[in-house]
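Here the structure comes first, spelled out in structure tokens, and everything after it is commentary.
The values are calculated or read from the model by the stated rules, or taken from the named source; none is laboratory data. This structure is a prediction, so every number in the text was calculated from the model and none was measured. Note: ideal-geometry Cβ built from the backbone for every residue, glycine included; neighbour counts use all protein chains shown.
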């Protein structure tokens, strides 16, 4: 049983393209990448079908899509304010991608959640920290402002703020990976214990609930960090709005 | 379990970015475009409706003004007619009154005249009767003219007494 688990937990390489590239070796395609491609293809096809005929007066499908889009704008808008509007599409993509990735184990066909592979969560976390820092850089208006932002709210926070550049993605990546892997292991053990009905019940919690929660937490934290970083820009926008409002009066 | 692999990280990043760009173009781009279009359409419709309402309001005001003008005119016409009718009726009544007065007056005069005439003839009759009676009593003819004067004087005395 232990061997079986180790086998299941490892990241299987499905195929290798035998081109030896210096330092990184031949191109290996992990199982998780294949599953990601499948998810991507499914999302793309679904979106293309659903957005085929958009009308001013929406049909049922369009109404649901609009509801979803409005929901993510509202949801992320709470954390990031007006200046963060341009980051909503990326965060929504991550939310959708992670949600489906975490839950895909339930669908079957021998697919395992890609987020069980730490390399995938590393990729998500890397992109998140890059986005956070780029957004902070933009909002602070150049290098000087960006460097100054590390001394906020006070100078003594400087080392902690610098360390956060590494801590944030690490915690994001490890939390997601750990949770998905943990629920994956538990589900495998339950399947060993009893093959029918029991896994279904537990899968509701470990796959659906935990998977959705982890996807939510990941994008929530990312948007929170972005919101923190772009605060100066939001303040500027608010000040401008107040000015125009008083001018209108 | 924890072995890092450059290729998987790279491919994952590419996957995420590709999906992001795809969704940005085909989901958010399209949905936001249609939402904006709807906002502009609704705005247009509302502007148009406001314009129409203003137009209708103007027409209503015009209509009301014309109606009230007509009503005033009608009132004036009725008042004029009433005044004319009143004046005419007063004139007719007055004329009738005058006519009646005149008729009553002339009738009264005629009656008076008639009475005087009858009184005079009665006196004459009485005088004749009295003279006849006296003739018979005296047995002789009196000078008619003198006697008549005497009787008249007597009658006058009687009247005065």
Practice prompt. Evaluate region B:124-139: report whether one residue or more is without any contact (Cβ under 8 Å) to a residue 24 or more places away in the chain and not in a helix (DSSP H, G or I).
Written response: yes
Worksheet item: Which of the residues that make up region A:52-72 are assigned to a helix (DSSP H, G or I) and surrounded by fewer than 18 Cβ atoms within 10 Å (Cβ to Cβ)?
Response: A:60, A:61, A:63, A:64, A:66, A:67, A:68, A:70, A:71
Item to complete: Could you name every one of the helices (runs of 4 or more DSSP H) located completely within region A:85-159 that has at least 1 residues being in contact (Cβ under 8 Å) with a residue 24 or more places away in the chain and either within 17 Å of residue A:219 (Cβ to Cβ) or at the interface with chain B (Cβ under 10 Å from one of its Cβ atoms) (or both)?
Response: A:88-107, A:118-139
Discussion item. For region A:73-83, give me each residue that is buried (at least 18 other Cβ atoms within 10 Å of the Cβ) and more than 18 Å from residue A:217 (Cα to Cα).
Written reply: A:81, A:83
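Looking at B:26, B:11, B:20, which one is within 7 Å of another protein chain (Cβ to nearest Cβ), within 16 Å of residue A:65 (Cα to Cα) and modelled with pLDDT of 90 or more?
Working: B:11 fails: within 16 Å of residue A:65 (Cα to Cα); B:20 fails: within 16 Å of residue A:65 (Cα to Cα).
Testing whether each residue is within 7 Å of another protein chain (Cβ to nearest Cβ), within 16 Å of residue A:65 (Cα to Cα) and modelled with pLDDT of 90 or more leaves just B:26.
Taking the residues in region A:22-32 that are facing chain B (nearest Cβ under 9 Å) and in contact with a strand residue (DSSP E or B) (Cβ under 8 Å, 6 or more places away or on another chain) as candidates, determine which candidate is surrounded by the fewest Cβ atoms within 10 Å (Cβ to Cβ).
First pass over region A:22-32, keeping only residues facing chain B (nearest Cβ under 9 Å): A:23-30, A:32.
Okay, now just the ones that are also in contact with a strand residue (DSSP E or B) (Cβ under 8 Å, 6 or more places away or on another chain), so A:26-30.
Values: A:26: 12, A:27: 16, A:28: 18, A:29: 16, A:30: 23.
Taking the candidates together, the pick is A:26.
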Discussion item. Here is a check on your reading of the model: is residue B:81 away from chain A (no Cβ under 14 Å), under 21 Å from the mean Cα position of the chain (by Cα) and at pLDDT 95 or above?
Written reply: yes
Fill in: Condition met for residue A:39 (assigned to a helix (DSSP H, G or I), more than 8 Å from every other protein chain (Cβ to nearest Cβ), within 18 Å of the chain's Cα centre (by Cα) and touching a residue at least 60 places away in the same chain (Cβ under 8 Å))
yes
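From B:18, B:39, grab the single residue that is free of Cβ contacts under 8 Å to residues at least 24 places away in the same chain, out of contact with any helix residue (DSSP H, G or I) (no Cβ under 9 Å at 6 or more places or on another chain) and part of a helix (DSSP H, G or I).
Numbers: B:18 fails: out of contact with any helix residue (DSSP H, G or I) (no Cβ under 9 Å at 6 or more places or on another chain).
Going through B:18, B:39 in turn, the sole match is B:39.
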Discussion item. Looking at B:75, B:55 in this structure, which one is more than 30 Å from residue A:57 (Cα to Cα), away from chain A (no Cβ under 14 Å) and in a helix (DSSP H, G or I)?
Written reply: B:75
